[in-house]
Amino acid sequence: MIWVKECVDCSSRKTQGKPPCAPLQPSVTSRPFERVALDILGPLPETPNRNRYILVVGDYFSKWTEAFPLPNQEASTIAKVLTEEWVCRFGVPRSIHSDQGRNFESTLFRELCRLLHMHKTRTSPYHAQSDGLIERFNRTLLSMLSLFVEDNQLNWDTLLPYVMLAYRSSVHASTAFTPYKVLFGREIVLPIDIMLNLDTQEQFSSVNDYVSRLSETLSTVVEAVKGHQARASEQQKSSYDFRANFQYYSEGELVWVQNKARKRGLCPKLQRRYKGPFRVVERVTDVLYRLMSVEGGPECVVHFNRLKPFTSSLAVTTNPVCAV
């Protein structure tokens, strides 16, 4: 048993009895457009307008989300749409969060963030849960599109505005308000409201009267959203942390990194489940670690959930190391 536990080859192939699971780290914001998330959805079937991708931009606080059809996912295309369609309409967010796609990590996109003074953060590799807001919305968006898209699936881009109208006028579970209400202080007027004479919007004596009442309404809504999100976040964390299996790694400690990469022509089930060992260079946050292979090479930041302790005291003979 001791030899099996000490065997480096065995350890690189075996899973842990109870997989590592870090406690949930909720993202906390206090006002609309303070922090937004970005993602690219696709490729989808190319439409007559030559669109194949969707740029999704979502606000963490209000849950207001935009979905822009794109012909490609080049950094220049994303930067142009983000600037013209989001920044020019809603202003510059303090912080933006994305995955590590080459478009979001490009020199051009980094320069855009620098010019607009936007703080850029990113998910760790192979850990989509780090961008939960957008991942959940993507599932919702695809589900809604699938209900209305034609059999040939080529009209999805023309459906986006209508699907987004439905999303923004629906109550969000974590805020207890519609995204439209959180932003504008009132509910959107829908065609059904006109048909059934349900449009009972307040009347105002002047612009000043409107601004004064709107300010009061928005203040009330913002405070209510904070309370609802705090309770929802607490419930989510309590439920998620029930299965937590967590420990801290010290600087200099050796660890394995879960191997998520797949090589063309090889059966994934026969590949090594872990690669390494890697040495802990720094604990960046409670759940992120900066690592370096014992063979040298560039440092990488990896989420705790992809790590397991390197327990062998035998001489280290590493397997080929690739990007984590």
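Bear in mind these aren't lab numbers, they're just calculated from the coordinates by the rules spelled out. Everything numeric in this text was worked out from a predicted model, so none of it was measured. Note that each Cβ is placed from the backbone with ideal geometry, even for glycine, and that neighbours are counted across all protein chains shown.
Dipole of region 35-241 computed with +1 at Lys/Arg Cβ and -1 at Asp/Glu Cβ about the Cα centre; of T220, S206, I96, farthest Cα towards the positive end is I96. Converting phi to 3J(HN,Hα) with the Karplus coefficients 6.51, -1.76 and 1.60 and the offset θ = phi - 60°, region 223-233 yields 5, 5, 4, 4, x, 5, 5, 5, 5, 5, 5 Hz in sequence order, with x at every glycine or proline.
Loop-located trypsin sites (Lys or Arg not before Pro) in region 237-306 (DSSP state other than H, G, I, E, B) with a sparse environment of at most 11 neighbouring Cβ atoms within 10 Å: R243, R262, K263, R264. Relative to the Cα centre, the charge distribution of region 182-316, modelled as +1 at Lys and Arg Cβ and -1 at Asp and Glu Cβ, gives a dipole magnitude of about 1500 debye. When the pairs K63/K120; K80/K181; K269/K308; K120/K181; K80/K226 are compared against a 25 Å limit on Cα-Cα distance, K80/K181; K120/K181; K80/K226 fall above it.
Projected onto their three principal axes, the Cα atoms of region 35-241 cover extents of 51, 40, 39 Å, largest first.
With the cut-off at under 16 Å, measuring from each backbone N in region 157-176 to a point 7 Å along the Cα-to-Cβ line of A224 picks out 169-176. Simple point charges give the picture: +1 on the Cβ of Lys and Arg, -1 on the Cβ of Asp and Glu, and for region 35-241 a dipole about the Cα centre of about 600 debye.
Remind me, relative contact order of region 120-222 in percent, using alpha carbon pairs under 8 angstrom and six or more residues apart? Result for region 120-222 is 14 percent. As a test, work out the antiparallel percent of DSSP beta bridges whose residues both lie in region 35-241, rounded to the nearest 5. So the antiparallel bridges amount to about 65 percent of the total.
The chymotrypsin sites (Phe, Trp or Tyr not before Pro) of region 205-298 meeting both criteria, a DSSP state outside H, G, I, E and B (loop) and at most 14 other C-beta atoms within 10 angstrom of the site's C-beta, are F242, F246, Y248.
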